[in-house]
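Enquirer: Sharing a structure here in structure tokens format.
The values are calculated or read from the model by the stated rules, or taken from the named source; none is laboratory data. Keep in mind it's a predicted model, so treat the numbers as computed, not measured. Note that each Cβ is placed from the backbone with ideal geometry, even for glycine, and that neighbours are counted across all protein chains shown.
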Amino acid sequence: MKFLPQLLVLLHTAGIVSGVNIFQDPEILFIKPQTDSAILYCVHDGSNHFYMYWYKQGSDGEMRLFAFSLNKGAAEIVAPFGESKYTLDRPKVQNSSVQIHSVEAGDTAVYYCASSTTQ
């Protein structure tokens, strides 16, 4: 019997901060490493939450900011994370998505999305 390695991506799927609801999709994602990419989605209902952030919490437990957006259409990947690895899309103030390219075992993590009225 042969087992294929898989990447496990866990998302913190919902939260309420300052009266704003945040939803992430999918909740759990299994991917075959080195062949696929993954897309993670985040939506919030705060019309004045112009700032959105993406964090990655790996097996060491440390949460690291890897991408952020200051408004719709604006996106930045934070060093040392590379743009060749991640693509951030922000088509609307309340929507954001991150694509992880060429997933590998090191991408296994819990991914969090956050929004804010200030930087």
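Enquirer: For the range 52-87, how many residues meet the condition of being surrounded by fewer than 17 Cβ atoms within 10 Å (Cβ to Cβ) and in a strand (DSSP E or B)?
Expert: 6
Enquirer: Let me spell it out: the conditions are (1) among the β-branched types (V, I, T); (2) at pLDDT below 80; (3) surrounded by fewer than 15 Cβ atoms within 10 Å (Cβ to Cβ), and I39 meets all of them except one. Which number is the exception?
Expert: Looking at each condition in turn, I39 falls short on (2).
Enquirer: Oh, and also: Of these, F68, F50, which one is among the aromatic types (F, W, Y), out of contact with any strand residue (DSSP E or B) (no Cβ under 7 Å at 6 or more places or on another chain) and at negative phi? It would help to see each step written out before you state the result.
Expert: On the way: F68 fails: out of contact with any strand residue (DSSP E or B) (no Cβ under 7 Å at 6 or more places or on another chain).
None of the others qualify; the one that does is F50.
Enquirer: So is A114 modelled with pLDDT of 90 or more and within 18 Å of S37 (Cβ to Cβ) or not? Write out each step before concluding.
Expert: Working: modelled with pLDDT of 90 or more: yes; within 18 Å of S37 (Cβ to Cβ): no.
Taking the combined requirement at face value, the residue does not satisfy it.
Enquirer: Let me ask you something else. For the range 94-119: of the residues being of a type in the set (A, V, I, L, M) and buried (at least 19 other Cβ atoms within 10 Å of the Cβ), which is farthest from V20 (Cα to Cα)? So that I can check it myself, show each step before the final result.
Expert: Step one: of the range 94-119, the residues of a type in the set (A, V, I, L, M) are 98, 100, 103, 105, 109-110, 114.
If we keep only those that are buried (at least 19 other Cβ atoms within 10 Å of the Cβ) as well, we get 98, 100, 103, 109, 114.
Values: V98: 20, I100: 26, V103: 31, A109: 24, A114: 10 Å.
Selected residue: V103.
Results for (1) within 25 Å of F30 (Cβ to Cβ); (2) touching a His at 6+ places or on another chain (Cβ under 7 Å); (3) modelled with pLDDT of 90 or more, shown as yes or no for each residue.
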| position | (1), (2), (3) |
| --- | --- |
| M63 | yes, no, yes |
| S69 | no, no, yes |
| E76 | no, no, yes |
| P91 | no, no, yes |
| I100 | yes, no, yes |
| A105 | yes, no, no |
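Enquirer: Taking the stated definitions as given, is G61 small (G, A, S) and closer than 22 Å to K92 by Cα? Write out each step before concluding.
Expert: On the way: small (G, A, S): yes; closer than 22 Å to K92 by Cα: no.
Spelling it out, it is not the case that G61 is small (G, A, S) and closer than 22 Å to K92 by Cα.
Enquirer: I've got another one for you. Identify all residues within the range 48-76 that are over 13 Å from S116 (Cβ atoms) and touching a residue at least 40 places away in the same chain (Cβ under 8 Å); write none if there are none. Working first, answer last.
Expert: Of all residues in the range 48-76, those over 13 Å from S116 (Cβ atoms) come to 56-64, 66-67, 72-76.
Scanning the range 48-76 gives K56, Q57, G58, S59, M63.
Enquirer: Against the conditions (1) within 16 Å of Q57 (Cα to Cα); (2) part of a strand (DSSP E or B), where does P91 fall short? Just the number, please.
Expert: Tallying (1) within 16 Å of Q57 (Cα to Cα); (2) part of a strand (DSSP E or B), P91 fails exactly one: (1).
Enquirer: If you don't mind, another one. Taking into account only those residues within the range 18-35 that are surrounded by 13 or more Cβ atoms within 10 Å (Cβ to Cβ) and in a loop (DSSP other than H, G, I, E, B), which is farthest from the chain's Cα centre (by Cα)? Spell out how you get there, then give the answer.
Expert: Filtering the range 18-35 down to residues surrounded by 13 or more Cβ atoms within 10 Å (Cβ to Cβ) leaves 20-26, 29, 31, 33.
Imposing the further condition that a residue be in a loop (DSSP other than H, G, I, E, B) reduces the set to 26, 33.
Values: P26: 11, P33: 17 Å.
It comes out as P33.
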